[in-house]
Amino acid sequence: MDRLYSPTAVKLMQNRHGVQASKSLGQNFLVDGNIVDKIVEGAEIREGDLVLEIGPGMGVITAAAAEQAARVVAVEIDKRLIPVLEETLAEFDNVKVIQGDVLKTDLEAVINEAREEYGKPFTGVRIMGNLPYYITTPIIMGILEKFGPTLGRSEEGLQCVFMVQKEVAVRMAAGPGGKDYGALSVAVSYYSEPELVTDVSREVFLPRPAVDSAVIRLRVRKEKPVEVKDEKLFFAVVKAGFGQRRKTLLNSLTGLLGFEKSKVSEILESAGIDGIRRAETLSLEEFARIADGFYDAK
Ligand code: SAM
């Protein structure tokens, strides 16, 4: 069947299956083939890859990915879309749709099962999706925290391509020194190398969202960018540092682990960081030095 690359085609599907877009599930369907192609090209899918798609909707990205990958597994929460997907993906025998909430689905088990069915390791794993905006950050952070230290560092490796709100993409890809750099930027770049693939206008969705979007690629790192003595503590320092952005580091870190100002001052000094700096100026490496300082002072 024809791809769902037009508002008319999406409306036709909606009418045929009696499915109206649900705002609360973040349903904004892509109706522009160029953008679908950019997302799929951005994922750099190879013949032997597994694609895990989040929120297939009516299957536009799914179908394009299925033409390139060994297997595609797509997780969709909306039961009403399952018959639609059965219809739009009928020609593919390498696609599996799982009905469920991606935040409650054991994605590791899903990937393991796909590998077992395939009978050998994949050349790589790609996780992708035009994400429902109401849960963009938990989805991405959940994937990076779970798979960054495991699958990401394995032979197969992991690369992610997501369509997200433009403002979130900019924050994820931001480096030190600007207003967009924050705890999300540090966490994303700890696990991956983020890269903006393309900006996307709100015009290419049905219904049209209130904000513009962007496609971001996260190449999950094979090696840690910095060694830290305690990862949890590293992220606690980042969180506290950005907790009150306008405060100096000395002030925002005072109280972390119950440490008093004088002790925090000593830690910063031995890490070679001026306490009057603000978190938004710190590199990953500098955050790591501070976190190790807290660790040693415990
Ligand atoms: N991929 C389709 C496209 O590009 O046209 C649809 C994208 S739409 C922005 C987001 C999709 O995610 C919807 O199909 C929605 O039902 C689904 N979704 C929302 N919350 C979800 C969740 N918690 N788990 C899995 N899918 C979810």
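Under a Cβ-Cβ cut-off of 13 Å, what is the net charge of the residues other than Ile77 that fall near it, where Lys and Arg count +1 and Asp and Glu count -1?
Values: positive: Lys79, Arg80, Lys104; negative: Glu53, Glu76, Asp78, Asp101.
Residues near Ile77 contribute -1 overall.
For the stretch 99-234, compute the orientation-averaged projected area of the C-alpha convex hull (one quarter of its surface), in nm². Don't jump to the answer; show the numbers that get you there.
Working: hull surface 39.4 nm².
For the Cα atoms of the stretch 99-234, the hull's average projected area reads 9.8 nm².
Can you list the HN-Hα couplings for the stretch 56-67, worked out from phi with the Karplus curve (6.51, -1.76, 1.60; θ = phi - 60°), rounded to whole Hz and with x for Gly and Pro?
Running phi through 6.51 cos²θ - 1.76 cosθ + 1.60 with θ = phi - 60° gives x, x, 9, x, 4, 6, 4, 5, 5, 5, 5, 6 Hz.
So, by mean Cβ neighbours within 10 angstrom, what's the order for 118-129, 205-216, 51-62 with the highest one leading? List each step's numbers first, then the result.
Numbers: 118-129: 19.2, 205-216: 17.7, 51-62: 26.8.
Those peptides, ordered most packed to least, come out 51-62, 118-129, 205-216.
Amide H neighbours of Ile98 under 5 Å, counting only residues 5+ apart in sequence or on other chains, H built in-plane at 1.01 Å?
Correct list: Ala74, Val75, Glu76.
Which value in deg cm²/dmol, rounded to the nearest 500, describes the helix-derived mean residue ellipticity at 222 nm for the chain, given -39,500 (n - 2.57) per DSSP H run of n ≥ 4 and division by the residue count?
Working: 12 runs with 118 residues, N = 298.
Counting only the DSSP helices, I get -11500 deg cm²/dmol.
Can you give me the relative contact order of the stretch 1-105 as a percent, contacts being Cα pairs under 8 Å and 6 or more apart? It would help to have the intermediate numbers written out before the result.
On the way: 147 pairs, mean separation 25.4, N = 105.
Computed over the stretch 1-105, the figure is 24 percent.
Would you kindly calculate the translational diffusion coefficient of the stretch 206-286, applying Stokes-Einstein with the Kirkwood radius from alpha carbon pairs, for 10 °C and a viscosity of 1.306 mPa s, and quote it in µm² s⁻¹ without decimals?
Values: Rh = 14.9 Å.
D, rounded to a whole number, is 106 µm²/s.
To the nearest 10 degrees, how steep is helix 261-270 against the longest Cα principal axis of the chain, on a 0 to 90 scale?
Computed tilt is about 80 degrees.
Would you mind computing Rg(Cα) / (2.2 N^0.38 Å) for the chain, counting N as its residues? Spell out each step's value before the answer.
Working: Rg = 21.3 Å, N = 298, 2.2 N^0.38 = 19.2 Å.
Relative to the rule-of-thumb radius for its length, the chain sits at 1.11.
Along each of its three principal axes, how wide is the spread of alpha-carbon positions in the stretch 159-298, in whole angstrom units, largest first?
Here the spans come out as 56, 33, 21 Å, largest first.
Helix 284-297 versus the longest principal axis of the chain: what is the Cα-based angle in degrees, 0 to 90, to the nearest 10?
The angle comes out near 50 degrees.
As I understand it, the dipole of the chain uses +1 on the Cβ of Lys and Arg and -1 on the Cβ of Asp and Glu, about the Cα centre. Which of Ala183, Leu50, Leu89 lies farthest toward its positive end?
Ala183
Mind jotting down the distance between the C-alpha centroids of the stretch 213-254 and the stretch 102-117, whole Å?
Computed from Cα coordinates, the inter-centre distance equals 28 Å.
Which cross-chain or sequence-distant (5 or more) residues have an amide H under 5 Å from the amide H of Val200, H modelled 1.01 Å from N in plane?
Here the answer is Ser213, Ala214, Val215, since their amide H atoms fall under 5 Å of that of Val200.
What dipole magnitude, in Debye to the nearest 20, does the chain give about its Cα centre under +1 on Lys/Arg Cβ and -1 on Asp/Glu Cβ? Numbers along the way, then the final one.
Values: 38 positive and 44 negative charges, 217 e Å.
In debye, rounded to 20, the chain gives about 1040.
Tell me, what is a quarter of the convex hull surface for the C-alpha atoms of the stretch 191-242, in nm² with one decimal? Please list the in-between numbers first.
Details: hull surface 22.9 nm².
If I average the Cα hull's projected area over directions, I get 5.7 nm².
Suppose a student asked you for the relative contact order of the chain, using Cα pairs under 8 Å spaced at least 6 residues apart; what percent would you report? Before the final figure, lay out the partial values.
On the way: 526 pairs, mean separation 45.8, N = 298.
Contact order relative to length: 15 percent.
Using a simple charge model, +1 on the beta-carbon of Lys and Arg, -1 on the beta-carbon of Asp and Glu, nothing else, what dipole does the stretch 169-294 show about its Cα centre, in debye to the nearest 20?
Working: 20 positive and 18 negative charges, 73 e Å.
With only Lys, Arg, Asp and Glu charged at Cβ, the dipole is about 340 debye.
Return the inverse of the average 1/r over all pairs of distinct C-alpha atoms in the stretch 25-138, which is the Kirkwood hydrodynamic radius, in Å to one decimal.
Numbers: mean 1/r = 0.0707 Å⁻¹.
Computed over the stretch 25-138, the radius equals 14.1 Å.
Given 4 °C and 1.567 mPa s, how large is the Stokes-Einstein diffusion coefficient of the stretch 59-117 in µm²/s, with Rh as the Kirkwood radius over Cα pairs? Could the numbers behind the result be given before it?
Details: Rh = 11.9 Å.
Once the numbers are plugged in, D ends up at 109 µm²/s.
May I ask what percent, to the nearest 5, of DSSP beta bridges between residues of the chain are antiparallel?
On the way: 17 of 38 bridges.
Bridges in the chain are about 45 percent antiparallel.
Roughly how big is the stretch 1-146's charge dipole about its Cα centre, with Cβ charges of +1 (Lys, Arg) and -1 (Asp, Glu), in debye to the nearest 20? Don't skip to the answer; put the middle values down first.
Values: 15 positive and 22 negative charges, 85 e Å.
So the magnitude is around 400 debye.
Only the coordinates and a few stated rules stand behind these numbers; no lab work does. Since we're looking at a predicted model, the values are computed, not measured. Here the Cβ is made from the backbone with ideal geometry for all residues, glycine too, and neighbour counts use every protein chain on show.
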